[in-house]
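Okay, so here's the structure we're looking at.
The values are calculated or read from the model by the stated rules, or taken from the named source; none is laboratory data. None of these values were measured; they are calculated from a predicted model. Note that each Cβ is placed from the backbone with ideal geometry, even for glycine, and that neighbours are counted across all protein chains shown. Side chains included, ligands, DNA and RNA excluded: accessible areas come from the protein's heavy atoms. Shrake-Rupley method; radii C 1.70, N 1.55, O 1.52, S 1.80 Å.
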Amino acid sequence: MALYAAAAAVLAAVESRQGSLKGLVYGSNFQNVKQLYALVCETQRYSTVLDAVIASAGLLRAEKKLRPHLAKVLVYELLLGRGFKGRGGRWKPLLDRHQARLKAELARLKVRRGVSQNEDLLEGGSKPGPASQVPRFVRVNTLKTCSEDAVDYFKRQGFSYQGRASSLEDVRALKGKCFLLDSLLPELLVFPARTDLHEHPLYQAGHLILQDKASCLPAMLLAPPPGSHVIDACAAPGNKTSHLAALLKNQGKIFAFDLDAKRLASTATLLARAGVSCCELAEQDFLEVSPSDQRYRQVQYILLDPSCSGSGMLTRQLEEPGTGVPSQERLRALAAFQQRALSHALTFPALRRLVYSTCSLYQEENEDVVRAALQRSPAAFRLAPVLPSWPHRGLGTFPGAEHCLRASPETTLTGGFFTAVLERVEVPSSVSQAEASAPEVTPNPAPKRKKRRRKATAAPSSQPGM
């Protein structure tokens, strides 16, 4: 019940312009922010449909104590979502009384509009595009389990494992309870679009991280070996931080910074659930972190994923309806901050490798930021050529920009994303030449589709470490 009340409160706050949808979700203190975010976004997407059904059914007239925003959330879950499945609290009997009438009104609405599918009821701007076809990517948290055991767990639940994906067509063809192993990341499982795993026991125990494939690229390409010291400059909400910890095998040190106290608290919760023990969180502006501080003298790897327009996020259009494309003034302000952050990161004396990433589609926040940083340090750093087979490259705005990576629902079946890897041309004298070579990224063999029974995965703890 707390989920529905929290979703209703966010919807009411968005309507009264108290903040952006995403900001309000993260500021809600609701523990499972991703579950809340998904519910609010979908309810918002179907808002006009739900209003019409609720009005036609006379639900608010019959139930005086039911507030409009809560009614909208509950009716979404009943008619268009997952159903209550044992949840709903005291409101479930109320909805059960009106269930037949609500379903009938939804059916009449479809007849009047001449459509057969729920999504066909959406207005043009809310209808699903390529983003709706993006699969559910699930990163196996190797601090707690392994891909083989996760695959076996899902197989025992009735899912059909299809092996390693060999092409995007394999991913597009996913449906029902089929799933694949990603072709690039050996710890990434791929399920059909809209597969909901927020209540799956492996997710709740921190064995799985729900993370888009493009969002997994920064940590994978940074590739810090165990024992390294790493800075995660803008860490919240913590998915990339947990990925770094998994690559480090909790050996070494991650210095993670973020200015937003509430988002940092959510990050701490996520990291605790994921079993991360090598991270030091700090509520601090990365721009105020001194490269000469002795605590960071061994930092050789930095992941910089700064605040951006979020224009590549799959649900961005639902966060602030009507805002549209960011103004040139906002883009300039964001790019100026991003340039300062990247230039600052490149001044850390022992730095060998840095990954800069955004979930933005705009050149101003991506290629232009990287070019400006390289122009300030022309002899010290270069763009590293990575993933030559990746299909979507950086815009050709300067020589070498093709080494940058872009991602989109249309070209990579992921969210919109940008990634660039900068590496030092000459290794600092304090770092041995033997350590200077960056590790190669080579996928591990895919778990085999064996028919014989494997040893059962240990059941996840019902009270994961916090």
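Figure legend. Inter-residue proximity from segment 177-200: first residues outside the structural domain of Leu221 (by the TED database) and in contact (Cβ under 8 Å) with a residue 12 or more places away in the chain, second residues crowded, with 19+ Cβ neighbours inside 10 Å and of a type in the set (Asp, Glu), beta-carbon distance below 7 Å, spacing 6+ or different chains. Indicated pairs: Leu188/Asp182; Val190/Asp182. Listed by position, the helices (runs of 4 or more DSSP H) inside segment 30-122 whose residues that are touching a helix residue (DSSP H, G or I) at 6+ places or on another chain (Cβ under 9 Å) and open to solvent by less than 60 Å² (accessible area, probe 1.4 Å) number at least 3 are 33-45, 47-57, 68-79, 91-113.
Scanning segment 292-313 for residues that are among the hydrophobic types (A, V, I, L, M, F, W, C), touching a strand residue (DSSP E or B) at 6+ places or on another chain (Cβ under 8 Å) and assigned to a loop (DSSP other than H, G, I, E, B) gives a single hit, Cys308. Residue check: is Gln284 buried (at least 18 other Cβ atoms within 10 Å of the Cβ), among the polar types (S, T, N, Q) and within 21 Å of Val355 (Cβ to Cβ)? So Gln284 fails the test. For segment 10-29, what are the residues that are more than 17 Å from Ala261 (Cβ to Cβ) and crowded, with 19+ Cβ neighbours inside 10 Å? Across segment 10-29, the qualifying residues are Val10, Leu11, Ala13, Val14, Leu21. Output the residue which, of all residues in segment 330-378 that are part of a loop (DSSP other than H, G, I, E, B) and touching a Cys at 6+ places or on another chain (Cβ under 9 Å), is most open to solvent (accessible area, probe 1.4 Å). So, considering only residues that are part of a loop (DSSP other than H, G, I, E, B) and touching a Cys at 6+ places or on another chain (Cβ under 9 Å), the one most open to solvent (accessible area, probe 1.4 Å) is Tyr362.
Any chance segment 187-200 includes a residue that's open to solvent by less than 40 Å² (accessible area, probe 1.4 Å) and more than 21 Å from Gln35 (Cβ to Cβ)? Yes, segment 187-200 contains a residue that is open to solvent by less than 40 Å² (accessible area, probe 1.4 Å) and more than 21 Å from Gln35 (Cβ to Cβ). Just one of the numbered conditions (1) β-branched (Val, Ile, Thr); (2) open to solvent by 70 Å² or more (accessible area, probe 1.4 Å); (3) modelled with pLDDT of 95 or more is not true of Val140: (2). Looking at segment 279-294 only, could you name the residues that are farther than 18 Å from Pro224 by Cα and either touching a residue at least 12 places away in the same chain (Cβ under 8 Å) or of a type outside the set (Asp, Glu) (or both)? The answer is Leu281, Ala282, Glu283, Gln284, Asp285, Phe286, Leu287, Val289, Ser290, Pro291, Ser292, Gln294.
When Arg45, Arg17 are screened for being on the phi > 0 side of the Ramachandran plot and not assigned by the TED database to the domain that holds Arg273, only Arg17 passes. The residue pairs whose first member lies in segment 1-27 and is free of Cβ contacts under 8 Å to residues at least 12 places away in the same chain, whose second member is buried (at least 20 other Cβ atoms within 10 Å of the Cβ) and part of a helix (DSSP H, G or I), and whose beta carbons are closer than 6 Å, counting only pairs six or more residues apart or on different chains, are Ala13/Leu24.
Listed residues Thr195, Thr241; which is of a type outside the set (A, V, I, L, M, F, W, C) and part of a loop (DSSP other than H, G, I, E, B)?
None of the other options fit; the residue is Thr195.
The requirement of being open to solvent by less than 10 Å² (accessible area, probe 1.4 Å), part of a strand (DSSP E or B) and under 23 Å from Asn32 (Cα atoms) is fulfilled somewhere in segment 217-235, by at least one residue.
Residues in segment 120-137 that are at pLDDT 80 or above and within 21 Å of Ala173 (Cα to Cα): Gln133, Val134, Pro135, Arg136, Phe137.
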